[in-house]
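Take a look at the structure set out below.
The values are calculated or read from the model by the stated rules, or taken from the named source; none is laboratory data. Source: prediction; values computed, not measured. Here Cβ is always computed from backbone atoms with ideal geometry, including for glycine, and neighbour counts include all displayed protein chains. Surface areas here come from the heavy atoms of the whole protein model, side chains and all, with no ligands, DNA or RNA. Shrake-Rupley method; radii C 1.70, N 1.55, O 1.52, S 1.80 Å.
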Amino acid sequence: MSKVGETTLVLDLSALEHNYNYLRSKIKPETKFLGVVKAFAYGSDMIAIAKKLEQLGVDYLAVAYVSEGVLLRKAGIKTPILVLHPLASNFDDLIVHRLEPSIYSKNILNQFLEATKATNQHDYPIHIKFNTGLNRLGFSEADVDFIAKETKRNRCIKIVSTFSHLAASEDANECDFSLLQINSFKNLSGALSKKLDYAPMRHMLNTSGIINYPEAQFEMVRSGIGLYGYGNHAKVDAQLKPVATLKTIISQIHQIDAQESVGYNRAYKSNRPIKSATLPIGHADGIGRQYGKGKGFVVINGEKAPIIGNVCMDMIMVDVTKIDCQEGDEVIVFGPNNSAESFASSANTISYEILTAISQRVKRVLIGA
């Protein structure tokens, strides 16, 4: 991997392929696979990731919002795209670009029916979301009759799948709850299928679900964070390869005397002479202020360098007193040998947050294509 000259997010598409194949190996050959590419593909490069997944043979893609799906269609992506949280104001764009909405409430179903009737659609594919305990979005058991009735009498739509979402699939202490959710989903999807003249595809498992509840893979599984190299458990992480490596460089090195301060609000005051390095990356790039004051660290020439003082908008300062380094040297914020999970945990958060926080102003470089 070549050295960088500025803050850069290096994306390894061969790692993505490795992760996809690993997750595929955990399911039956006939089980379909949905790759989640929402939030710029977890902060990476949505179009590049989607194209690679399409090349690998993924059956479905998923985004959070219609605008994300439109970008993929304009980039030439042909794979079916599920929109997990469509809003009625975007239904026209959704239909024009043949995106498939998650229908999660009576209100959203009625509004989508109006949109499909107005555009003379027939059997437009929709996905019915059931709430089985996450209590975020989704229909309840009491809605099954309504869904079946409206679908059967409105031939402008057709249910291609029913799905739900596990609330704690990575937590062994919540196994009983996860099994209750799975059983609830079986009952809800089964009850709906009985009222229709066909059986929609079912999907419930996320990355941790694929690993921990393979018996509930149904006709399709979904993976987001696992594709990007994180499995919510150290044993799973060891089998995956992080796709993203965030790098930067040392802009300047300072000698700080005892009792001198570093950064805004004098948040760091040295009690001894130290050497600090200033890096061109800050909270406008996704490194939040919570990583400052010694909580977060970067890696320079194989050594940990703690972040000192407050994180600035465009810069951070790190302690390099015991590190042999010079201006222009490369710095690893996170990557294969210092995972985003490790970096995030230093500030009591999770890999999802730091990955998706990386600003779009940060240069992206693709390797391993």
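A few notes on this one:
- The chain - accessible surface per residue (Å², probe 1.4 Å): 45 Å²
- Semi-axes of the equivalent ellipsoid for segment 100-177, computed as √(5λ) from the eigenvalues of its C-alpha gyration tensor and ordered from largest down, come to 29, 12, 10 Å.
- Label sites at E150 and A199, each approximated as a point 7 angstrom past Cα along Cα to Cβ, lie 2.6 nm apart.
- For segment 213-369, averaging the sequence separation of C-alpha pairs within contact (under 8 Å, six or more residues apart) and dividing by the residue count gives a relative contact order of 23 percent.
- With DNA, RNA and ligands ignored, accessible area of Y198 (1.4 Å probe; Å², nearest 10): 50 Å²
- Here r is the Cβ-Cβ distance between D257 and D171 and R0 is 56 Å; the resulting FRET efficiency, rounded to 0.05, is 0.70.
- Relative contact order of segment 85-193: 25 percent, from C-alpha pairs under 8 Å at least 6 residues apart in sequence.
- Sequence-ordered 3J(HN,Hα) estimates for segment 96-102 from the Karplus curve with 6.51, -1.76 and 1.60 and θ = phi - 60° stand at 4, 9, 6, 8, 10, x, 7 Hz, glycine and proline given as x.
- Here the chain is assigned +1 on the Cβ of each Lys and Arg and -1 on the Cβ of each Asp and Glu. Its dipole about the Cα centre then comes out at about 620 debye.
- Estimated at 0.36 nm per residue, the fully extended path between S345 and E6 surpasses their Cα-Cα distance by 119.5 nm.
- Debye, to nearest 20: dipole size of segment 172-218, +1 on Lys, Arg Cβ, -1 on Asp, Glu Cβ: 240 debye
- For the chain, dividing the convex hull volume of the Cα atoms by the residue count gives 143 Å³ per residue.
- Taking the Cα atoms of segment 224-276, the ratio Rg/Rh between the radius of gyration and the Kirkwood radius comes to 1.31.
- Surrounding net charge for Y213, when Lys and Arg each add one and Asp and Glu each subtract one, Cβ distance under 13 Å: -2
- Across the options I256, F218, A234, the greatest Cα extent toward the positive end of the charge dipole of segment 203-270 (unit charges at beta carbon of Lys, Arg, Asp, Glu) belongs to I256.
- Lys, Arg +1 and Asp, Glu -1 on Cβ, resulting dipole of segment 10-141 about Cα centre, debye, nearest 20: 140 debye
- Calculated mean residue ellipticity, 222 nm, the chain: -8500 deg cm²/dmol, from DSSP H runs (n ≥ 4) at -39500 (n - 2.57) each, averaged per residue and rounded to 500.
- Contact order for segment 18-171, expressed relative to its length and based on alpha carbon pairs under 8 Å spaced 6+ residues apart, stands at 16 percent.
- Each residue of segment 199-204 was assigned a 3J(HN,Hα) from its phi angle through the Karplus expression (A = 6.51, B = -1.76, C = 1.60, θ = phi - 60°), giving 10, x, 4, 10, 8, 9 Hz with x at Gly and Pro.
- HN-Hα J in Hz across segment 186-193 - Karplus 6.51, -1.76, 1.60, θ = phi - 60°, x for Gly and Pro: 4, 5, 5, 5, x, 5, 5, 4
- Between amide H atoms placed 1.01 Å from N, distances below 5 Å from L366 occur with L11, all of them 5 or more places distant or on a separate chain.
- Segment 190-332, accessible surface, carbon-and-sulfur percent (1.4 angstrom probe): 48 percent
- Amide H contacts under 5 Å for Y124: I157, K158, restricted to partners 5 or more places along the chain or on a different chain, H placed in the peptide plane at 1.01 Å from N.
- Segment 1-84, accessible surface, carbon-and-sulfur percent (1.4 angstrom probe): 52 percent
- Modelled label reach - K106, point 7 Å along Cα→Cβ, segment 148-175 residues with backbone N closer than 16 Å: 148-151
- In the chain, the longest principal axis of the Cα atoms and the axis of helix 13-24 are about 40 degrees apart.
- For segment 116-261: rounded, prolate or oblate by the Cα gyration tensor [a/c cutoff 1.5]: prolate
- Restricting segment 85-131 to trypsin sites (Lys or Arg not before Pro) in coil, as DSSP defines it, with at most 14 other Cβ within 10 Å: R98
- Length gained on full extension, A191 to Q290: 30.9 nm, using 0.36 nm per residue less the C-alpha separation.
- Neighbourhood net charge (10 Å Cβ-Cβ; Lys/Arg +1, Asp/Glu -1) for L72: +2
- Modelled FRET efficiency - R0 30 Å, D93 with K158, Cβ distances, 0.05 increments: 0.90
- Distance between the pseudo-spin-label points of S140 and H233 (7 Å out from Cα toward the beta carbon): 3.3 nm.
- Amide H to amide H, with H built 1.01 Å from N, I103 comes under 5 Å of H127, I128, K129, counting only residues 5 or more places away or on other chains.
- Segment 280-333: GluC sites (Glu not before Pro) falling in loop per DSSP and having at most 14 other Cβ within 10 Å: E327
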